[in-house]
Amino acid sequence: MPSRPSIPLALTQGDPAGIGPDITLAAWLRRSELDLPPFLFLGDAGVLGTRASQLGLNVPLKEADPATACDIFRDALPILPIEAGMSVVAGEPHVATAKGTIAAIEMAASLSMSGKTSAVVTNPIAKSVLYDAGFSFPGHTEFLADLATRATGRPVMPVMLLAGPKLRAVPVTIHIPLKDVPQALTTDLIIETCRITDHDLRTRFGISKPRLAVAGLNPHAGENGALGKEDDEIIRPAIDALRSEGIDAFGPLPADTMFHDEARRRYDVAICMYHDQALIPAKALGFDDSVNVTLGLPFVRTSPDHGTAFGIAGKGVAKEGSLVAALKLASEISSKTGNNP
C-alpha cells in the first residue's frame, strides 16, 4: 500500500444488526484495490467476527487505538472495542444495543476534536431503536452538533450536505414532518444555512466562489403567490440578503426543473427547503456513491447516504460503495483542512 498519514479516520459501528458491519468488512477487504485511507473501527469486535463468519469472509481483527491503527491497517482491521450490549443477530435490531451505538459516536467525535483521529465516518443507525432507549435527537446530525457545542462551549449549527458525483444538495429543514416545514422555515434559517454551506464549500471543498441554487418551497416556486406565499415572503428575502453579502445565491427556483443535466451545470449546490426535496434527487443520481457530509462542525464528518438495511444484513448483498466514498471524502477534506472548520 502507498504511504499513508499517521492519523486514522474514526469509523463508528452504527446499528450492529444492520449492514454497517457488512460494508465495513467489505471495504477493508478492498483497501489496497481502492486505495482506502486507514480507519479505526469503533465497535464490538465480536459482532464483526460473527458477521465475517456468516458472510464467509476472512478478515483478521486486531484491537487498536488511534496511535496504532495505521500500522495495523494493512494486515488487520483495527478495532477500538465498544461492546454492543448483547449478542447481535444480523437483521434483528434491539434496544439493548443503543448504548453501544451512542458511545461509538461520542468516542469518534471526541477523538476527532482532540486530533487523535482525522475525521468521523458514521455507519448507519436506526433512529427508532435509539428513540426507544431515550435518545432525544432527531438523528446523527443534531447529536454531533450537540456534542460539538458541549465540547467547545460555542453554539454549532449543523448543515446536512448530500455530496455525489452528479449533485450536491442541502436541505434547510431536516428531520421534521413535512406538515411542520412551512412553520419551521424562516428567512434567518435559510440565510445561516447558506452562509455555512458557502463557507465550507470554499474551505473544505476548494470551490472559490460557490454557486447556490435555492429551491422554492411550493410548486412552481409559488407561482407569484398563487400556490403559496412562502417563496416570496420567506425565501426571496433570504436570497437578497445573501447576495448583498457577496454570496452567489439565486432563486427561488421551481424544484421540478432544478435537477436535470443542463440545470445542474449552472450551480455547485442545490439549497432545498425540506428533507426529501434534497435527498430524492441526490439518491436518484448517486445512490451507491453519494456521501452525507455534516457542514458547520469543528471536525469533518461523513457517512454513507443509506440506512441500516436490516432486511439484507448478513446476506452478502450489501454494497460498500457509499461507505468507500464516505471514507475517501473524509480523508480528502481532512487532509486539506487539518480537521478544522
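Here LYS319 is the anchor, and the aspartates and glutamates within straight C-alpha reach of less than 16 Å, apart from those fewer than 8 places off in the same chain, are ASP22, GLU33, ASP288, ASP289, ASP305. Relative to the longest principal axis of the Cα atoms of the chain, the long axis of helix 321-337 makes an angle of roughly 80 degrees.
For the range 146-246, which whole percent of the accessible surface, found with a 1.4 angstrom probe, sits on carbon and sulfur atoms?
Working: 2510 of 4800 Å².
Exposed carbon and sulfur together represent 52 percent of the surface.
The angle between the Cα long axis of helix 275-286 and the main principal axis of the chain comes to about 60°, on a 0 to 90 degree scale. Applying 0.36 nm per residue to the separation of ARG265 and ALA226 and subtracting their alpha-carbon distance, the gain on full extension is 11.1 nm. Would you kindly calculate the translational diffusion coefficient of the range 239-341, applying Stokes-Einstein with the Kirkwood radius from alpha carbon pairs, for 37 °C and a viscosity of 0.692 mPa s, and quote it in µm² s⁻¹ without decimals? After rounding, the answer is 204 µm²/s. Sites listed here are trypsin sites (Lys or Arg not before Pro) in the range 65-131 whose DSSP assignment is loop and whose Cβ has at most 13 other Cβ atoms within 10 Å: ARG74.
With every protein chain present, what is the per residue accessible area of the range 99-249 (1.4 Å probe, Å²)? Don't jump to the answer; show the numbers that get you there.
Working: 6490 Å² over 151 residues.
Roughly 43 Å² per residue, with all protein chains present.
Calculated from DSSP H runs of 4 or more alone, at -39500 (n - 2.57) each and per residue, what is the 222 nm mean residue ellipticity of the chain, nearest 500? Don't jump to the answer; show the numbers that get you there.
Values: 12 runs with 124 residues, N = 341.
Using -39500 (n - 2.57) per qualifying helix, the result is -11000 deg cm²/dmol.
Normalising the average separation of contacting C-alpha pairs (under 8 angstrom, six or more residues apart) by the number of residues puts the relative contact order of the range 159-296 at 42 percent.
A cut-off of 5 Å between modelled amide H atoms, ignoring neighbours fewer than 5 places along the same chain, links LEU253 with VAL214, ALA215, GLY216.
Look at where the Cα atoms of the range 85-145 and of the range 147-218 average out, and the two centres are 22 Å apart.
List the trypsin sites (Lys or Arg not before Pro) within the range 239-341 that DSSP assigns to loop and that have no more than 15 neighbouring Cβ atoms inside 10 Å. Intermediate results must be reported in sequence, preceding the final value.
Working: sites: ARG243, ARG264, ARG265, ARG266, LYS283, ARG301, LYS315, LYS319, LYS328, LYS336; in loops: ARG265, ARG266, LYS315, LYS319.
Passing sites in the range 239-341 are ARG265, ARG266, LYS315.
Rounded, prolate or oblate: which fits the chain, taking a ≥ b ≥ c as square roots of the Cα gyration tensor eigenvalues, rounded meaning a/c under 1.5, else prolate when a/b beats b/c? The shape class here is prolate. Each residue of the range 70-80 is assigned a 3J(HN,Hα), and the resulting list reads 5, 5, 7, 3, 5, 9, 8, 7, x, 10, 9 Hz, derived from the Karplus form 6.51 cos²θ - 1.76 cosθ + 1.60 (θ = phi - 60°), x at Gly and Pro. The long axis of helix 20-29 is offset from the longest Cα principal axis of the chain by roughly 70 degrees.
The values are calculated or read from the model by the stated rules, or taken from the named source; none is laboratory data. Fair warning: this is a prediction, and the values are worked out from it, not measured in the lab. Don't worry about glycine lacking a Cβ; one is built from the backbone with ideal geometry, like all the others, and counts go over all protein chains shown. Heavy atoms of the whole protein, side chains included, go into the accessibility calculation; ligands, DNA and RNA do not. Shrake-Rupley method; radii C 1.70, N 1.55, O 1.52, S 1.80 Å.
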